[in-house]
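The block underneath contains the structure these notes are about, expressed in structure tokens.
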Amino acid sequence: MACSRPDAVIIGAGHAGMSASYLLKSKGIDHVVFEQSRLGDSWRTQRWDTFTLVTPGWMNHLPGFAHPFGDGGFMTRGEVVSYLEGYAATLSLPVREGRRVSAVRQLGDGRFRVDVEDERLVSRVVVVATGAMRRPKIPAWAQALPPGIAQMHTCEYRNPAQLRPGAVLVVGSGQSGCQIAEELLEAGRSVYLSVGRCGRMPRRYRGTDCATWVAKAGYYDQTVDMQRTDPVACNPYVSGKRGGHEINLRKLASRGLRLLGRCQGVADGVVTMADDLEENLAAADLFATKMREAIDAFIQQQGIEAPLDPPEPPVQDRGVEAPSSLPLKEAGIATVIWATGFQQPDFSWIDAPVFDAAGSPVHRRGKVGSPGLYFLGLPWLYKSKSSLIYGIEEDASYVADDIGALLRA
């Protein structure tokens, strides 16, 4: 078996792995990037056809590479893939596609053995940038759904035409769930949406995109050491499609979307729901109100000239019914889409004493207890923005600087 000895090995060629590669190359560090499929694979295979980022263009640049799509607008899935391809090609990054790393093992001398199919590498540094959205999280009671009902996770959904005829139940009201429910409704499908506790984000306020206000006010720079909300809480829902727009579930309900409380289980073809629909909708409305108030306070504090918006008009809906159960056959449900997020990545292929009982790496800004092993791209790696394209340069720069110091020692 062939054996090579680069200074560093990066595993994963998404935005995190690419950023690390550029920064290591700029330091003259010999390295290789392994990608088990194609560069940017999760953007190609785990996003639906009309997927669009919800952060504006200026927030989606990687280090050392200008954005070909400009600073405005919202990047589509295809544009993200094209950007990553251009990044790797233009900067001549050492990416090897279709090469799956099967094992990483720490050796007695502190170096790491990396097994890649018929190849073995020994390196002083390994950067794990395999992403956080690889293992769909689906509730156990999904197994009790009637066999005639199709099931898929959001990472498998592509477009309305993919689904069999009939109504659709979308379980989960985070960004993906709400965007997919809206798309299906606009396609003329009968759609039920199980609503959780995710907040509602205004798209624009006082003349500026709200994501830009949030960035300027420093909320994306909250660190793990600061007081913050539950790190596993879902992201507030909003859309980047059609130039970016707000999603208001009450308004969608007035157009025919059927809202449900949180689905709790199924028995004999009947799904039961918690009595929390109005409470969850009210919490989403309150989130939007508090976001506007926080932006107002920031504008006043900074003395920024920004036009006032008129008060948000009340939604003229038909009232929200909150059924306690949903008979799937009577409702004509043919497909259930699980918008329930992702679970902890599987790092069992890494043999090093750096994981807690749940299998999560114990780290500080991506640096673990075994010198030379690093993680990038995980949610809250250090800041609120760590898993975003917007936040990766800061995290990758910290890791690259530490790698440089380690190799010089």
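The values are calculated or read from the model by the stated rules, or taken from the named source; none is laboratory data. Treat the numbers as computed from the prediction; the structure is a model and nothing was measured. As a convention, Cβ positions derive from the backbone with ideal geometry for all residues, glycine included, and neighbour counts pool all protein chains shown. Accessible surface is based on the protein model in full, side chains and every heavy atom, while ligands, DNA and RNA are left aside. Shrake-Rupley method; radii C 1.70, N 1.55, O 1.52, S 1.80 Å.
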### Query
Taking Ser370, is it more than 15 Å from Tyr219 (Cβ to Cβ) and small (Gly, Ala, Ser)?
yes
### Task
Provide a single number: the residues in region 130-147 that are within 30 Å of Leu328 (Cβ to Cβ) and either in contact (Cβ under 8 Å) with a residue 12 or more places away in the chain or in a strand (DSSP E or B) (or both).
12
### Summary
The condition from (1) at pLDDT 95 or above; (2) open to solvent by less than 50 Å² (accessible area, probe 1.4 Å) that Val315 misses is numbered (1)
### Query
For residues in region 372-409 being part of a loop (DSSP other than H, G, I, E, B) and hydrophobic (A, V, I, L, M, F, W, C), which is modelled with the lowest pLDDT?
Ala409
### Query
Residue check, Arg228 against (1) among the basic types (Lys, Arg); (2) within 19 Å of Cys155 (Cα to Cα); (3) modelled with pLDDT under 95, all met but one. Which one?
(2)
#### Entry: Residue among Gly177, Gly207, Gly199 that alone is in contact (Cβ under 8 Å) with a residue 12 or more places away in the chain and surrounded by fewer than 20 Cβ atoms within 10 Å (Cβ to Cβ)
Gly207
### Task
Look through region 10-51, keep the residues that are out of contact with any Asp or Glu (no Cβ under 6 Å at 6 or more places or on another chain) and more than 19 Å from Leu84 (Cα to Cα), and return whichever of them is most open to solvent (accessible area, probe 1.4 Å).
Lys27
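Residues of region 94-129 being part of a loop (DSSP other than H, G, I, E, B) and over 27 Å from the mean Cα position of the chain (by Cα), which ones? Working first, answer last.
Initial filter on region 94-129 (part of a loop (DSSP other than H, G, I, E, B)): 94, 98-100, 107-111, 117-118, 124, 129.
The answer is Leu107, Gly108, Asp109, Gly110, Arg111, Glu117, Asp118, Arg124.
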### Task
Inspect region 85-98 for any residue being in contact with a Leu (Cβ under 8 Å, 6 or more places away or on another chain) and open to solvent by 50 Å² or more (accessible area, probe 1.4 Å) and give the result as yes or no.
yes
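Of these, Ser348, Ser360, Ser387, which one is among the small types (Gly, Ala, Ser) and open to solvent by 50 Å² or more (accessible area, probe 1.4 Å)? Don't jump to the end; show me each part of the working.
Details: Ser360 fails: open to solvent by 50 Å² or more (accessible area, probe 1.4 Å); Ser387 fails: open to solvent by 50 Å² or more (accessible area, probe 1.4 Å).
When all the criteria are applied, what remains is Ser348.
Assess whether Gln222 counts as being modelled with pLDDT of 95 or more and either more than 30 Å from Gly303 (Cα to Cα) or in contact with a Ser or Thr (Cβ under 6 Å, 6 or more places away or on another chain) (or both). Working first, answer last.
On the way: modelled with pLDDT of 95 or more: no; either more than 30 Å from Gly303 (Cα to Cα) or in contact with a Ser or Thr (Cβ under 6 Å, 6 or more places away or on another chain) (or both): yes.
Considered against the rule, which asks whether it is modelled with pLDDT of 95 or more and either more than 30 Å from Gly303 (Cα to Cα) or in contact with a Ser or Thr (Cβ under 6 Å, 6 or more places away or on another chain) (or both), Gln222 comes out as no.
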